[in-house]
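Below: one structure, written as structure tokens.
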Amino acid sequence: VILRENGVEVGRVPVAIATEPPEYRRKGVRPAELQALNNYDLGSLPDVSPDDATDALLQLLNRPNIASRRPVYRQYDQQVLGNTVVQPGCDAAVVRIAGTDSGFAVKTDCNSRLCYLDPYVGAAAAVAESARNVVCTGATPVAVTDCLNFGDPEKPEVYYQLEQAIRGIAEACSEFDTPVVSGNVSLFNESGGRPVFPTPVIGMLGLIDDVHTAMNCAFSLPGADVWLLGAGVEQPATALAGSEYLEMAHDLVAGLPVVDLTAESRLQRLVLAAHSEGLLLSAHDCSDGGLAVALVESALAGEYGFRGDISIDGRLDAALFGEAQGRIVVFARPEAAARLDALARQNQVPLTRLGAVVEGDGFSIGPVQSPLGPLRDAYETGL
């Protein structure tokens, strides 16, 4: 590469510096503490009682990892020259491509607790969640950028986390056909001699043909059915692995997280197919805080209540606050039920009716009952 100024050569750099960098292959060692943490019997922990379930939900909504990000995104221009179609606050922002009806959706995701417990699963789950978020707007995921934040890779345990996370990202991106087109790496992040939790942040880009059909996460029509796509309401204690509730209620980061990339693909295809047929009013990813938090977020976004029609016979904490992967809550008119059920069967995705959107500010699911006011106060004051 030759650099010239006013026709005079001022620098010459061999191309090989950029095209033939050194390649380091170190030996990774699985952190010793993971054996006990992955094998921890989450079923031995006390379940949340029906009387305490509402208070637990309020506490979760006020946690910094779950609370509204409005204090952050209100600080900058959300309109982007008037082309913003779906604003921040739901699953992904959607922006119109100027001069067209097409647009793109963007979202970043990562759960560092999952990545600590299993860097491969956690990184793959970050790709899956960011793709779900984009799909919930009606956009098709097309590309990824990443930001890999780790400790000192010269330590075998950290190198293990890095290589396993990269493997998880690669396999998930291959499954979703979303190439990694850019990214950056931040290493040697430590404090007091201990590395940060591995945090491979995934930025997902999606494309939507007509921004007028873009969805947000809000309850928008009283009487609409609320459905859960993917793994059902009843969950084993293992669904609490790496969850926000587990850390809040038991001061514990433990368990073995699981991700099924094939099931994730089927779920996302189903939502995009249902959206393309005009069956869905809105959609919301079920992730941090579990099902109860996802439903509250949609109720608050639309300022309508929710009445759950389900009974919970197993563990309450796992059903309400477990963070099983591969689930999306969708909202549809009652007349769309038959076609939605047919598409779910066609894509081999479980479908569960949760209840309905209602007028007023009541919220109920299982033993949880609350007006929207206290839920909103908790959610909006966590940061």
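Coordinate-derived values only; no laboratory data. The shown structure was predicted, so the numbers you read here are calculated from the model rather than taken from an experiment. When we count neighbours, we look across all protein chains shown, and the Cβ atoms used for this are built from the backbone with ideal geometry, even at glycine.
Quick notes
- Cα convex hull, the stretch 207-252: 177 Å³ per residue, rounded to a whole number.
- Computed helical MRE - 222 nm, the chain, DSSP H runs ≥ 4 contributing -39500 (n - 2.57), nearest 500: -9500 deg cm²/dmol
- Cα-based radius of gyration of the chain once divided by 2.2 N^0.38 Å, which approximates compact folds: 1.05
- Peptides ranked, highest mean first, by Cβ atoms within 10 Å: ranges 186-194, 54-62: 54-62, 186-194
- Seen against the Cα atoms of the chain and their longest principal axis, helix 337-346 is set at about 40 degrees.
- Charging the Cβ of each Asp and Glu at -1 and of each Lys and Arg at +1, and nothing else, the dipole of the chain about its Cα centre rounds to 680 debye.
- Remark: the Thr262-Gln346 segment gains 28.8 nm on full extension, using 0.36 nm per residue and subtracting the alpha carbon distance.
- A dipole drawn for the chain from +1 and -1 charges on Cβ atoms has a positive end, and of Ala239, Ala283, Ser186 the residue lying farthest that way is Ser186.
- Mean separation of Cα contacts under 8 Å, 6 or more apart, over the residue count of the chain: relative contact order %: 23 percent
- Taking a ≥ b ≥ c as the square roots of the Cα gyration tensor eigenvalues, the stretch 309-348 comes out prolate, since a/c reaches at least 1.5 and a/b is larger than b/c.
- Principal-axis tilt of helix 290-302 within the chain, Cα atoms, nearest 10 degrees: 80 degrees
- Debye log10 I(q)/I(0) at q = 0.11, 0.16, 0.22 Å⁻¹ for the stretch 1-76, Cα point scatterers: -0.77, -0.91, -1.07
- Cα gyration tensor category, rounded, prolate or oblate, for the stretch 130-199 with a/c compared to 1.5: prolate
- The C-alpha atoms of the chain define a longest principal axis, and helix 119-135 lies at about 60 degrees to it.
- Computed magnitude of the charge dipole of the stretch 105-224 (debye, nearest 20; Cβ of K, R +1, Cβ of D, E -1): 280 debye
- A protection proxy built from the mean count of other Cβ atoms within 10 Å ranks the segments 286-298, 333-345, 367-379, 210-222, most packed first, as 286-298, 210-222, 367-379, 333-345.
- Whole-percent P(r), the stretch 137-257, all Cα pairs, 10 Å bins from 0: 10, 24, 34, 23, 7, 1.
- Charge dipole (Cα centre; +1 on Lys/Arg Cβ, -1 on Asp/Glu Cβ; no other charges) of the stretch 1-109 amounts to roughly 540 debye.
- Volume per residue for the stretch 285-340 equals 108 cubic angstrom (convex hull of Cα atoms).
- Every Cα-Cα pair of the stretch 250-357 was included, and the share exceeding 19 Å stands at 49 percent.
- The stretch 245-309 - convex hull of the alpha-carbon atoms, volume per residue in Å³: 130 Å³
- Relative to its Kirkwood radius, the Cα radius of gyration of the stretch 41-198 gives an Rg/Rh of 1.03.
- Ranked list, fewest to most other Cβ atoms within 10 Å of each Cβ, for Arg25, Arg63, Arg30: Arg25, Arg30, Arg63
- A Förster radius of 35 Å, combined with the Cβ-Cβ distance separating Arg353 from Ser182, puts the computed FRET efficiency at roughly 0.30.
- Rounded to the nearest whole Hz, the Karplus-based 3J(HN,Hα) values (6.51 cos²θ - 1.76 cosθ + 1.60, θ = phi - 60°) of the stretch 103-116 follow the sequence x, 9, 10, 9, 7, 10, 8, 5, 10, 5, 5, 4, 5, 5, with x at glycine and proline.
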